[in-house]
Each structure stands twice: as C-alpha cells, then as structure tokens.
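Since the structure comes first, as structure tokens, the remarks are kept for the end.
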Amino acid sequence: MKENVFDVLMYLFENYMDEDPEVDQDQEALTSELTQAGFPKGEIRKAFSWLEGLSDLREQDTTLLQGSTPGSVRHYSERERTKISSECRGFIFSMEQRGVLDAKTREMVIDRTMALDATEIELEQLKWIILLVLFNQPEQEQAYAVFEDMVFEETRRNLH
C-alpha cells in the first residue's frame, strides 16, 4: 500500500478533525494510531508539518490581502501553474466568485497545495485542501458548511 501525505491528511480529517474540538489528541498518540493504520512514519511527519504550516498561515498578518478588491485577478507563478492545473485554478476562481473563498483563504489553499509532495494536484485533492483550510479558519464556518455541502452533494450525484 503506497500511502502519501495527502492520504494521511484525509484520514486525519475524516477520523479526528470533524470530532468534538475539545478532544485533544497529542501528536505522539496520533502517530501511533496512524502507524497502526498502516501509514509510514515519514508521511505522518510530513502531514503534521503540513498542518503546522496551515496553523502558521492562519496566524500570519494578511494586511496586503485585505486590500484586494472584488474582481481582481490572481496571477499564478510558473511553478504554481505547473502544479495547479488550469481546471484546479478555474475551480479556485469559481469558489471565489461564489464567496466560498476570500483572498486570504485562496492564498492559504494555494500555499498548502504547493506544500504537498506531488507533481500535479487533482481536482478532488484540491477540494479536500479547501475543506481543510476552511475547517481550520476561524470565522469561516459558513463558507465551510457551504463548500462541504457542495462537495458531498456532488459526490452523492456521481455515485448514482
């Protein structure tokens, strides 16, 4: 079984993050549980590092992003365009247009996407990254709920 950081993140989200926020699992206990679930320790460490990076972003000053005006266009670097396909960039743009993402959360999504050890990110992976970013962002409960409904409704439609 070839598990990667993204698989660990999805497992953590599905099994721990959506639980009662008062339940505080320490990293050592989670590492042990994830190892027992079959995830390699290296990938577990990378996943924790990815989540710490998300936490650091949440605490950073974003005064430059607050001046961003509606309708402004985000230009992607060559490295970002290589990793984030035009389909994914279009999806990010559409989420901004719908009000699910603002400038700060968009940049967090792009940053966390670029932090993954992958050559190219698929749309389904991007949706999970957006869920993780919104879930961990204070005052984004409404955007998270809207996006979660959208993602899971689409998943249900595709199953039928």
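Observations on the structure shown:
- Full-extension gain in nm, GLU122 to ALA29, via 0.36 nm per residue minus C-alpha separation: 30.4 nm
- Distance between modelled label sites at GLU80 and GLN60, nm, 7 Å Cα→Cβ extension: 1.1
- Proxy reagent accessibility, fewest Cβ within 10 Å first, across ILE84, ILE129: ILE84, ILE129
Quick note: the coordinates plus some simple rules give every number you see, no bench work behind them. All of these numbers come straight from a predicted model, not from anything done at the bench. A quick note on method: Cβ atoms are made from the backbone with ideal geometry, for glycine too, and the neighbour counts reach across all protein chains shown.
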